[in-house]
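Reviewing the structure listed below.
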Amino acid sequence: MNRIAAPTLAVASVLAVAAGNIPAGTPSDEAAIRTVTFTAADRRETLAYWTADRMRDVGAADVLGHDAASVQPWRGPAMKTVGRLFFTNDKGQDTYCTATAVQSRNRSTVMTAGHCVQPPAAPDNYHINMVFVPGYSDGKRPYGVFAVRAVAMPRSWAQDAQNDVAAVVVDQGNEALTDAVGAQAVAFDREPGDAVTVFGYPDSQEQRGEHLMYCAGTTSTASDRKQSVRCPMEGGSSGGPWLAGFDQKSGQGTLVSVNSSGDALENGTVMEGEVLGAVADQLHAQAEKL
């Protein structure tokens, strides 16, 4: 399966990625979860770095294939909880993924894919300059830009490229993230078989990451404790939510997985995501404390 992270990571696979220079931030380990925090100075610089023009340039710089017929623009009520997660990767390239504000005690936790915060099997490396822009649409940032103050990822992802899921915790502005945009519920240990609505910001030739897209299907069991759905999206959609029980009027559902990898770099047929089990539960619980 091919990772479909951000455009510049689209060709990355689950093969190990060599670590480059260790960026700013403070990593720490707790049980099965690894965390990295960023200083207040880091976060101020990051907010200044991500101008509206720079965000647009990310999508325009490197586009992939065409949207599948099943992948359509979202035209329902504003999906305030879903947005673009911008960052600079281990190669020094500006890029992005998709992420989702979820219910949490700190009201500031966002779920995404593991490879959106750290290259696979690269324990001493992680992405920097991270911001979450909920509700991003065609250059508009209606709910603001939230600097990431901490990330949590499974130790198994950092070491062995297993459990492709992560959480980021953002700074509070005038109010906490989920007070401003709402939050999706999260379910753990939920077996495949759900009807889900899948969201993402694909960097296709038609969208260039500027518009929220979606498709729907029923999940089925895949190999390596994963699940799949016939919902192919291009790069940039990585980390996008799979929402079970989704209500189109309210825009609410229950997050049961996130976009991890597709079966082809272009013109794929399915998307895979993790079954959120005990490790994901620990991940979410640790992020709530950050």
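Work out the length of the dipole vector of the stretch 137-287 about its Cα centre, built from +1 on the beta-carbon of each Lys and Arg and -1 on the beta-carbon of each Asp and Glu, and round it to the nearest 20 debye. Don't skip to the end; give the middle numbers.
Numbers: 10 positive and 20 negative charges, 42 e Å.
Approximately 200 debye in magnitude.
Pairs of Lys residues in the chain, spaced 8 or more positions apart or belonging to different chains, with C-alpha separations under 25 angstrom: 4 in total. Considering helices alone, the calculated mean residue ellipticity of the chain at 222 nm is -4000 deg cm²/dmol, with DSSP H runs of length four and up weighted by -39500 (n - 2.57) and normalised per residue. With 0.36 nm allotted per residue and the present C-alpha distance subtracted, the K140-D281 stretch has 47.5 nm of extension available. Note on the chain: with charges restricted to the Cβ of Lys and Arg (+1) and Asp and Glu (-1), its dipole about the Cα centre is near 560 debye.
The calculated FRET efficiency for R225 paired with R56, based on their beta-carbon distance and R0 = 35 Å, is about 0.40. Per-residue accessible area (protein heavy atoms, 1.4 Å probe) orders E210, E191 as E191, E210, starting from the largest.
The values are calculated or read from the model by the stated rules, or taken from the named source; none is laboratory data. All figures in this text were calculated on a predicted structure; none of them were measured in a lab. Note: ideal-geometry Cβ built from the backbone for every residue, glycine included; neighbour counts use all protein chains shown. What goes into the accessible areas is simple: the full protein's heavy atoms, side chains included, and nothing from ligands, DNA or RNA. Shrake-Rupley method; radii C 1.70, N 1.55, O 1.52, S 1.80 Å.
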